[in-house]
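The values are calculated or read from the model by the stated rules, or taken from the named source; none is laboratory data. Note that this is a predicted model, so its numbers are computed, not measured. Heads up, the Cβs are rebuilt from the backbone with ideal geometry, glycines too, and the neighbour counts pull from every protein chain shown. The protein model used for the area step is the full one, side chains on, heavy atoms only, and it has no ligands, DNA or RNA in it. Shrake-Rupley method; radii C 1.70, N 1.55, O 1.52, S 1.80 Å.
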Amino acid sequence: MAIKMLTLEDLELGGKRVFLRVDINTPIHPETGALMERARLEEAAMTVRDLPKSRVVVASHQGRVGRPDYTSLEAHAKALGEILGREVAFVPDVFGPEALSQIDSLQDGEVLMLDNLRFTAEENQEYKPDEAEKSHLIRRLGGHVDACVLDAFSTAHRASPTIIGFAGLVPTCAGRTVGRELRMLDRIATVEKGPYVTVLGGAKVNDRLEAIDALIANGRADSVLLSGVVGLVFLKAAGKLRGDIGVDKEQAFVVRARRLMDDDPDRFVLPLDVAVKAEGGRKEVEPSQIASAAQVLDIGSKSVDRFSRYIKGAGTVFMSGPAGAFEWEEFSLGTEGLLRAMASSLGTTIISGGHLSTALRKYGINDQIDHVSTAGGALVQYLAGKRLPLIDALERAAERWGRSQHEPLKQQEAA
Ligand code: 3PG
């Protein structure tokens, strides 16, 4: 898919205040509050490094309102500073006087991180581009930045103000992560073939159900292998699990899952066994044998074998979300087993999400996968052929600020 967008090389960004919208939304340890991995921070660092003479304002969201991972970005600023080996200042403010004054005081080569963008009401909503431009968030920040670099590929599916609101206001281009993702996905699109196998796990059930709908509609999911919490929802819908799973809107999800399986019974492959915590560690049982789904922390070995056969026989295989609580050694068997099957598959392999990219590195097999992306929902929607708001914004910006053959950069007009 040819996307017309500007890159860092197309704009003169030295000495400019650059709003760098990244996605460093990271799993947070529920007890200690520590960042559990750094995959997205390392990606963000690539673009910061390539803006050595700019006054860089790094901005991201973290978590969702009301969830335990809805936190400040202070620890992220410290971690980014460690990765870059230079200071990343942090301001506990998004668009108030403190944030604006610190942006204005930035010197060439300095980096400032704003606090969690979702601390503002507007960033939690989706807008049309002209509405986003008029939001308080963009109007206030817009007067204090000279350019915008969009690098939040993993948030490309959210039409929030900082994703779509700057493109018509200041010269806007893609950062390194967006460039890398689109290049790799373009390359994959030229070689991929069926059968298409989708392997979904993790806890974001709504996102997974949407992904299934989108991937099926686009012919990208001949077989759908399910694990994690989403696997439990399907097991419950299939009448193979007693008790509640304990997720919001559980009943509605179960009904949706039931409908999907009724429409297409052969497409869905569910776990044959699951692992629960027992005296002495892990115990594998059939789903019908457990009293409560809340005890389930992984899929069992029979499920890993079954899923692996599908993965190895795939023409193209896409995996998103871990099979279980792989952070704990005794519950990593499912996630590790499926990732190793991906690594030895002869098909084209795509792995999505920060959790899995961290796990791949831990097992030392990341270079055996064709494309490893830290994006989750955004990547699914891209693969399903949907238009993504961030990419639309980059295309609008290329139209508005791009260099035509005889014209100087429109950035200069705006200055
Ligand atoms: C993600 O992790 O997929 C992105 O950061 C988007 O987060 P969201 O699903 O909370 O919008």
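Accessible area per residue for the chain is 42 Å², calculated with a 1.4 Å probe on protein heavy atoms, without ligands, DNA or RNA. Taking 0.36 nm per residue of separation and subtracting the Cα-Cα distance, full extension of the segment from Tyr70 to Arg140 would add 22.9 nm. Taking the C-alpha atoms only, the angle from helix 333-344 to the longest principal axis of the chain is near 70 degrees. Using the average count of surrounding beta-carbon atoms within 10 Å as a protection proxy, the listed peptides 233-239, 308-314, 166-172 rank, highest first, as 166-172, 233-239, 308-314.
Of the whole protein surface, Met342 contributes about 0 Å² of accessible area at a 1.4 Å probe radius. Between Gly334, Gly202, Gly14, the residue with the greatest mean-square fluctuation in the GNM of the chain (Cα pairs under 10 Å linked by springs) is Gly14.
For Glu126 and Asp305, the difference between the fully extended length at 0.36 nm per residue and the C-alpha to C-alpha distance is 60.3 nm.
Judged by the mean number of other Cβ atoms found within 10 Å, the most tightly packed of the peptides 360-368, 344-352 leads the ranking 344-352, 360-368. If one takes the longest principal axis of the Cα atoms in the chain, at what angle in degrees, from 0 to 90 and to the nearest 10, does the Cα axis of helix 354-363 lie? For 354-363 against the chain, the angle is about 70 degrees. Using a simple spin-label model with pseudo-atoms 7 Å out from Cα toward Cβ, Ala291 and Arg187 lie 5.3 nm apart. What a 1.4 Å probe finds exposed on the chain is 49% carbon and sulfur by accessible area, rounded to a whole percent.
For the chain, taking the reciprocal of the average inverse distance between every pair of different Cα atoms yields a Kirkwood hydrodynamic radius of 22.3 Å.
Normalised by the number of residues in the range 314-402, the average gap of Cα pairs under 8 Å and 6 or more apart makes the relative contact order 25 percent. Cross-link pairs exceeding 25 Å between alpha carbons, from the set Lys78/Lys386; Lys16/Lys134; Lys53/Lys134; Lys16/Lys78: Lys78/Lys386; Lys53/Lys134.
If the elastic network links every pair of Cα atoms under 10 Å, which of Gly385, Gly33, Gly109 fluctuates the most in the Gaussian network model of the chain? Among Gly385, Gly33, Gly109, the largest GNM mean-square fluctuation belongs to Gly33.
Between the Cα long axis of helix 389-401 and the first principal axis of the chain there is an angle of about 20°, rounded to the nearest 10. Name the aspartates and glutamates eligible as straight-distance cross-link partners of Lys277: C-alpha to C-alpha under 20 Å, and not fewer than 8 places from it in the same chain. Correct list for Lys277: Glu31, Asp244, Glu286, Asp298, Glu327, Glu329, Glu330, Glu336. Structure remark: mean-square fluctuation, Gaussian network model of the chain, C-alpha springs under 10 Å; the largest value among Ser332, Ser227, Ser292 belongs to Ser292.
When only alpha carbons are used to place a centre, the range 1-62 and the range 241-317 end up 36 Å from one another. Most simply put, the chain has about 20% antiparallel DSSP beta bridges, counting only bridges with both residues inside it. Ranking Asp151, Asp213 by solvent-accessible area of protein heavy atoms (1.4 Å probe, all protein chains present), from largest to smallest, gives Asp213, Asp151.
Only protein heavy atoms count here; under a 1.4 Å probe, Arg118 has an accessible surface of about 30 Å². Within the straight-line cut-off of under 12 Å between alpha carbons, the aspartates and glutamates reachable from Lys193 are Asp222, sequence neighbours fewer than 8 places apart in one chain being disregarded. Using C-alpha pairs below 8 Å separated by at least 6 residues, the relative contact order for the chain is 17 percent.
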